[in-house]
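Presented below is the structure to which this report refers.
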Amino acid sequence: MPATARKKPVKRRRSPIQSRGQATVDAIVEAAAQILARKGPAAATTNAVAARAGVSIGTLYQYFADREALLQEIGRRHVAEMQAVLAGALTGIDGLALPAAVDRLVAAIVAMHRVAPRLHQALHQSLARDHLDTIDAFEVAVEAMVSHALASRDELDLAHPALTATVLVRGLGGLIRTTLRREPERLDDPALALAMRAMILGTLGESRRRA
């Protein structure tokens with residue numbers, strides 16, 4: 001999503017230097033993430049988060065200036081977890097033949113979206129438009145990674161690898177997010193993985209013909 005022209009950086013009021021302070025921050029962030037994922041953005045008020053974390057509202061505000069700052073920290077941690085899962089799932093993909101590499105890519109994208117899908121959706125709904133930078137930057141990085149992988153393939157000769165990567169990543173990402181929201185059990189259906197594989201190979205084939 002495009003960011004607005006002006007952005008107001010939201011920062012914590014206080015850094016948790018001591019381990020006790022870090023434990024308090026972790027408890028607050030975890031409590032907020034649980035409420036977001038289970039009950040939705042409207043339920044994740046600072047009072048509700050403080051109560052669930054077992055801290056006073058004053059303690060919460062010692063570390064987070066407002067609700068937006070707390071949401072940003074949740075988003076940062078969520079993206080870091082998704083990055084770790086994706087990196088692990090894609091290890092060694094460069095050395096695979098194209099069909100096997102596509103299978104690995106499908107598995108990696110599915111694994112990435114399995115990381116707290118309800119929280120991911122809630123973050124999109126609750127973060128202010130100009131504070132989605134962390135999530136947006138991650139999605140752009142995934143598109144760039146796939147674009148580089150496509151461009152480096154000797155068996156492919158794509159006119160627009162970056163555009164092809166964007167179509168694939170956004171198309172598959174949307175498909176998986178909708179599936180997780182409406183039919184989460186379907187993500188384990190081998191037929192879905194085969195359909196996604198066919199979608200990728202078909203898109204690559206079309207891109208090569210147009211080139």
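Worth a mention:
- The chain - convex hull of the alpha-carbon atoms, volume per residue in Å³: 137
- Backbone N under 14 Å from the THR59 label point (7 Å along Cα→Cβ), restricted to region 24-38: 24-32
- Here r is the Cβ-Cβ distance between ALA144 and GLU68 and R0 is 30 Å; the resulting FRET efficiency, rounded to 0.05, is 0.60.
- Anisotropy class assigned to region 136-211 is oblate, per the alpha carbon gyration tensor with a/c at or over the 1.5 cut-off and a/b no larger than b/c.
- By the combined test of axial Cα extent (at least 15 Å) and Kyte-Doolittle hydropathy (mean at least -0.5), the qualifying DSSP H helices of the chain come to 19-39, 67-89, 98-113, 133-151, 161-182, 190-210.
- Heavy atoms of THR45: accessible area, 1.4 Å probe, square angstrom to 10: 60
- Calculated FRET efficiency, ARG153 to GLU206, Cβ-Cβ distance, R0 = 22 Å: about 0.90 to the nearest 0.05.
- Sites ALA23 and ALA137 - FRET efficiency at Förster radius 35 Å, r taken between beta-carbons, to 0.05: 0.80
- Summary value for region 34-160: 30 percent relative contact order, contacts being C-alpha pairs under 8 angstrom separated by 6+ residues.
The values are calculated or read from the model by the stated rules, or taken from the named source; none is laboratory data. No experiment lies behind these values; they were computed from the predicted model shown. Using ideal geometry, Cβ is built from the backbone for each residue, glycine included, and neighbour counts are taken over all protein chains shown. All accessible areas refer to the heavy atoms of the entire protein, side chains included, with ligands and DNA or RNA removed. Shrake-Rupley method; radii C 1.70, N 1.55, O 1.52, S 1.80 Å.
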